[in-house]
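What follows draws every value from the coordinates through simple rules; no lab data is involved. Only a predicted model underlies this, so the values are computations on that prediction, with no experimental measurement involved. Methodologically, a virtual Cβ is constructed for each residue, glycine included, from the backbone with ideal geometry; neighbour enumeration extends over all protein chains shown.
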């Protein structure tokens with residue numbers, strides 16, 4: 001019981017750090033492109049902790065999404081190594097924090113289902 005509690009606490013602390021790490025795992029240009037894509041309804045957050053293309057998007061936008069997702073994957077792998085969870089679980093837990101930041105009118109994709117406008 002104590003070990004499980006400590007693991008959950010460690011994961012919580014790692015996830016708090018993950019929010020900052022996710023933000024730093026991207027270039028300014030990629031962030032700007034993705035932020036514009038989110039505002040336009042072209043890019044959205046997914047429940048697995050990654051960005052996705054809602055519809056359309058040119059090659060540059062897709063490259064920006066891929067760049068940020070690569071950085072997020074590295075962060076989730078690091079969290080998993082530190083906390084003993086899978087990278088998928090770390091991504092999903094971080095996604096819950098990211099969902100809170102999805103602005104009204106932007107898109108979110110649950111694990112089971114299609115894109116939903118918040």
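The number of residues in segment 35-60 that are surrounded by 14 or more Cβ atoms within 10 Å (Cβ to Cβ), in contact with a strand residue (DSSP E or B) (Cβ under 9 Å, 6 or more places away or on another chain) and under 25 Å from residue 87 (Cα atoms) comes to 11.
Just one of the listed residues (80, 93) is surrounded by 16 or more Cβ atoms within 10 Å (Cβ to Cβ), part of a helix (DSSP H, G or I) and in contact (Cβ under 8 Å) with a residue 60 or more places away in the chain, namely 93. Within segment 56-69, the set of residues being under 18 Å from the mean Cα position of the chain (by Cα) and on the phi > 0 side of the Ramachandran plot is empty.
Please find, among 38, 109, the residue that is farther than 22 Å from residue 27 by Cβ and in contact (Cβ under 8 Å) with a residue 24 or more places away in the chain. When all the criteria are applied, what remains is 109. If the condition is being farther than 13 Å from residue 50 by Cα and part of a loop (DSSP other than H, G, I, E, B), then segment 103-118 contributes 103, 104, 105, 106, 112, 113, 114, 115, 118. Conditions: (1) in contact (Cβ under 8 Å) with a residue 12 or more places away in the chain; (2) crowded, with 18+ Cβ neighbours inside 10 Å. Residue 103 meets all but one. Number of the miss? Among (1) in contact (Cβ under 8 Å) with a residue 12 or more places away in the chain; (2) crowded, with 18+ Cβ neighbours inside 10 Å, residue 103 violates only (2).
Of all the criteria given as (1) surrounded by 17 or more Cβ atoms within 10 Å (Cβ to Cβ); (2) within 13 Å of residue 115 (Cβ to Cβ); (3) in contact (Cβ under 8 Å) with a residue 40 or more places away in the chain, the one not satisfied by residue 71 is (2).
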